[in-house]
Each structure stands twice: as structure tokens, then as C-alpha cells.
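Chemist: Below is the structure I would like to discuss, written out as C-alpha cells.
The values are calculated or read from the model by the stated rules, or taken from the named source; none is laboratory data. Bear in mind the structure is a predicted one, so any value in this text is a computation, not a measurement. With ideal geometry, Cβ positions are generated from the backbone for all residues, glycine too; neighbour counts draw on all protein chains shown.
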Amino acid sequence: MHAFHPLSDVGEVFIPAQFRELASDDIPLRHFTDGNLGQLDRIFKHLRRGGVAVLSGQWDRIVEVLDYAERKKKELAPRIERTKRRRDFNRRDKRANPKESASAILMCYADGAGKLQIDPPPNLPYLLELVGENPDANEGCPFLLPIATVQKLKTALTQVYPIPALCTSLVAFENVLPPRSQETIACFQDGLRAIKRHLPQRAEVLEVGCGSGCLTLLAVQELGDLEAKIRASDLLPEAVATTRYNVTRSSNHTGLIQLLPAADLFEAVPDGHRFDLIIFNAPWVVSRARNRAELAIHDEGQGIVGRFFDEVPDYLKPSGRILLGYADASGTNALQNLESIISDAGFGVESRHTKRVATHRSKRKWEHIMVYELRKCSTP
Ligand SMILES: C[S@@+](CC[C@H](N)C(=O)[O-])C[C@H]1O[C@@H](n2cnc3c(N)ncnc32)[C@H](O)[C@@H]1O
């Protein structure tokens, strides 16, 4: 499966990795522009023969095509089944498959600069990152997205999560943990307020796993009078893009925030850089993530938090501190293991900020959220 495919009058187009199985090398792509979006039978015939239709033009008319294909999805079933089989084969976990529908083989496209060729164009910056790619992955070429994905992104723009502690509301695009837990934010707020007296003016702060950006924004707010500089990154490009979107929309201090490229843990940190404070609200459910969205909260065998503590000493200044968020959803053993990981890495718990919250995620009614304030133990 190649990343670039020719598309009749558009030229070479890039297909983000997540959608490549929908439009693999042997599946013909055909572009239907505004003038022929009304030719529903022609578009449908192309889909039934196994093609992928790329639609551009008025959004209302594109949605009509989508509705038409959904209504006739029984006739498309064998063709969708073929794509699904191919996807199942390529994925380790079949349960990770999104519900298949006709909408998966209807695409639209954005130009090389990321402007969707739909009318009216939605306000969706960082589009390539929002579908899990690094910003330059398209090498300047136009790129394809399923129409259903564009619908989801448009819906995410309208679903806002109020954050009273920040006096603002944030959005969360696909695969990004929505900032619903005010208790988590309150624990980090307490932690930041407690740690502040130990931080120097113009403190250097890093947030690993920034997700929606709620804690990056909280750090800027709480450490504002120190003029702290906050860097943030996440494994997922869609999380970095969501943070960038929320920061641009909600903060008057964008100059104090630098978004690093999406990368594993500390990979995006410039060589030799060390911080006064590192924040990580770690995934706390000890089991395998079955899809990208679950990467926010699942950590198989506590491997991620373990690697975090293996690596973090190289990124902290000698008097640097860590604020680590966790929850006891996976039971006391997981928590005890975490505390061993912390002490084995040579860190001591200065204080712990905890809240009990009702949960529907585990069999228990309650779970505890905790934010640990950690610093390197002095060697005897
Ligand atoms: C519990 S969420 C916290 C998100 C956000 N900071 C918040 O508090 O709402 C954990 C975040 O870590 C990210 N993550 C998971 N594994 C990672 C890794 N290996 N490197 C960097 N980030 C990772 C996830 O994508 C997710 O955004």
C-alpha cells in the first residue's frame, strides 16, 4: 500500500496511513466535482464496482451523496466486506475496527496547504495532524480523508468541555482524552500551587502527553507570574494539534507555550535540554490499548510509566520536580507497583494531592485520582 496515488485531475494525492487500506493500490480512485455530485447513480456504480469516490464541492450535496450511499448500503455490502476483510487482516485486534459503513469509501480532499475542498470550508486547522500524521507527511501534495472523518471533526468543534478552573472551554478531537475530569484538574492545580515556591523565575516546564492541552494551559495560568516557559508534546499528532487548537483559542499567553512535534515520551526534547518541572498525567489503566483512543488511558504492564521513570532523570535539572497524575482504577497492586517504579528511579514523594471520584470505568463505584509531587532523593 503506497502513501501517494494519482487522482485524475488533481494529480498525486497523499493518503494518511489510517485510511490506506480503504484505498489500496488496486482500488480505483475517481474524483467527482460539484458539477456531477447530482449524478448519484454514476457515483454509486463506481462504489459498487469496488472504487473509492473522492467528492469535492458543496458540503450539503456531499452529505446527500453520503446519505444516498448509506440508504443503499446493503447493495454495497459485498464491496465493504472486501475492504473490511483486508483491514481485519492488517490489524492485530479485530475489535478495534470502527463500525464499517458506506461512508468509509467516500472521501474528500484537502489541498497541499490543508484547505478542505468543500464549500463552505470548515475552520479545521492542522488537518493532517488531526488524522494522525506529522504536518509535513503529505510532502506538499493534496491529501484524502473519509467524509465520515470530516463529519466527526466538524462535530468535535461544536462539542465543548467547560473547564471552570481555566474560565474557558476546550475541544477534544478524535482519539484525544476529553478534559471531563474537573477533579484531575483540581489535583494538578493544587500540585502546581504547592510546587511553585520551589521554581525559579522563567522556570522551564515540560508536559509529556498533553492530550487536549488542559494541563499545559493550567501550568501557564498557575505559573504565569514566574513567566514559566511551557513545552508540550504527545505521542499522537492529533493530541498535539488539539493542544495547539485549544491554546490558540483560549490563551493570551501563547508566547509562553511551545508545542514540540508528536513523539514518544522525551524524543522531541532538544538534546541536552533539562527542565525545572515535568508534568505527566500518565495512562492509568493497566491493560493493552486496542486502538488509538485507548492510548490515552491504557498502559500495558505499566510499560509507559516505567519507561518515563527510566528516562526522566536525563531531562530534569538537579533540583527539578515531577508532577505525576495517576488513578487506582487497576487496583492496589498497580498502585504499589507504580510507587516501586518511582522509588527505584530514585525519586521521593514530597506530597500527594488526591480526590475520590465516582467511576463507570471499572467494577468498583469509586476510584482515586492522585497527583504525586516528586523530587530526586539526595544521595547519602
Ligand atoms: C491520561 S492522558 C492525559 C492527557 C492530558 N494531559 C490530560 O490530562 O487530559 C495521557 C496522554 O499521554 C499520551 N501518551 C500515551 N503514551 C505516550 C507516550 N509513549 N509518549 C507520549 N505521550 C503518550 C496519550 O496520547 C494521552 O494524551
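Here's the yes/no breakdown for (1) in contact with a helix residue (DSSP H, G or I) (Cβ under 6 Å, 6 or more places away or on another chain); (2) farther than 30 Å from residue 131 by Cα:
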residue	(1), (2)
294	no, no
301	no, no
308	no, no
316	no, yes
357	yes, yes
367	no, yes
372	no, yes
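Chemist: Which residues, counting only those in segment 298-317, are surrounded by 18 or more Cβ atoms within 10 Å (Cβ to Cβ) and either at pLDDT below 95 or within 10 Å of the ligand (Cβ to nearest atom) (or both)?
Modeler: The answer is 298, 299, 304, 305, 308.
Conditions tested, residue by residue: (1) in a helix (DSSP H, G or I); (2) assigned by TED's automatic domain parsing to the domain that holds residue 181; (3) more than 23 Å from the chain's Cα centre (by Cα).
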site: 308; (1), (2), (3): yes, yes, no
site: 318; (1), (2), (3): no, yes, yes
site: 334; (1), (2), (3): yes, yes, yes
site: 339; (1), (2), (3): yes, yes, yes
site: 348; (1), (2), (3): no, yes, yes
site: 355; (1), (2), (3): no, yes, yes
site: 360; (1), (2), (3): no, yes, no
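Chemist: Among the residues in segment 216-227, are any part of a helix (DSSP H, G or I) and free of Cβ contacts under 8 Å to residues at least 12 places away in the same chain? Please lay out each step first, then the result.
Modeler: First, pick out the residues of segment 216-227 that are part of a helix (DSSP H, G or I): 216-222, 224-226.
After this cut, where a residue has to be free of Cβ contacts under 8 Å to residues at least 12 places away in the same chain as well, the list is 225.
The answer is yes, given that some residue of segment 216-227 is part of a helix (DSSP H, G or I) and free of Cβ contacts under 8 Å to residues at least 12 places away in the same chain.
Chemist: Please tell me if residue 206 is within 12 Å of the ligand (Cβ to nearest atom), outside any helix (DSSP H, G or I), surrounded by fewer than 23 Cβ atoms within 10 Å (Cβ to Cβ) and in contact (Cβ under 8 Å) with a residue 40 or more places away in the chain. Before you say what the answer is, go through the steps one by one.
Modeler: Values: within 12 Å of the ligand (Cβ to nearest atom): yes; outside any helix (DSSP H, G or I): yes; surrounded by fewer than 23 Cβ atoms within 10 Å (Cβ to Cβ): no; in contact (Cβ under 8 Å) with a residue 40 or more places away in the chain: yes.
When the stated conditions are applied, residue 206 does not pass them.
Chemist: Among (1) closer than 27 Å to residue 157 by Cβ; (2) surrounded by fewer than 24 Cβ atoms within 10 Å (Cβ to Cβ); (3) of a type in the set (A, V, I, L, M); (4) within 11 Å of the ligand (Cβ to nearest atom), which single condition is residue 176 missing?
Modeler: (2)
Chemist: Got at least one residue in segment 251-266 being over 30 Å from residue 123 (Cβ atoms), within 10 Å of the ligand (Cβ to nearest atom), in contact (Cβ under 8 Å) with a residue 24 or more places away in the chain and surrounded by 14 or more Cβ atoms within 10 Å (Cβ to Cβ)?
Modeler: yes
Chemist: Just checking, which of 293, 358, 334 is more than 20 Å from residue 193 (Cα to Cα) and more than 16 Å from the ligand (Cβ to nearest atom)?
Modeler: On the way: 293 fails: more than 16 Å from the ligand (Cβ to nearest atom); 334 fails: more than 16 Å from the ligand (Cβ to nearest atom).
Checking each option against the conditions leaves just 358.
Chemist: Would you mind telling me which numbered condition in (1) free of Cβ contacts under 8 Å to residues at least 40 places away in the same chain; (2) surrounded by fewer than 23 Cβ atoms within 10 Å (Cβ to Cβ); (3) within 16 Å of the chain's Cα centre (by Cα) residue 164 fails?
Modeler: (3)
Chemist: Can you list the strands (runs of 3 or more DSSP E) found entirely within segment 100-178 that contain at least 3 residues being in contact with a Cys (Cβ under 9 Å, 6 or more places away or on another chain)? Let's see the steps before the verdict.
Modeler: Working: elements: 106-110, 143-146, 161-163, 168-170.
Per the criteria, 143-146.
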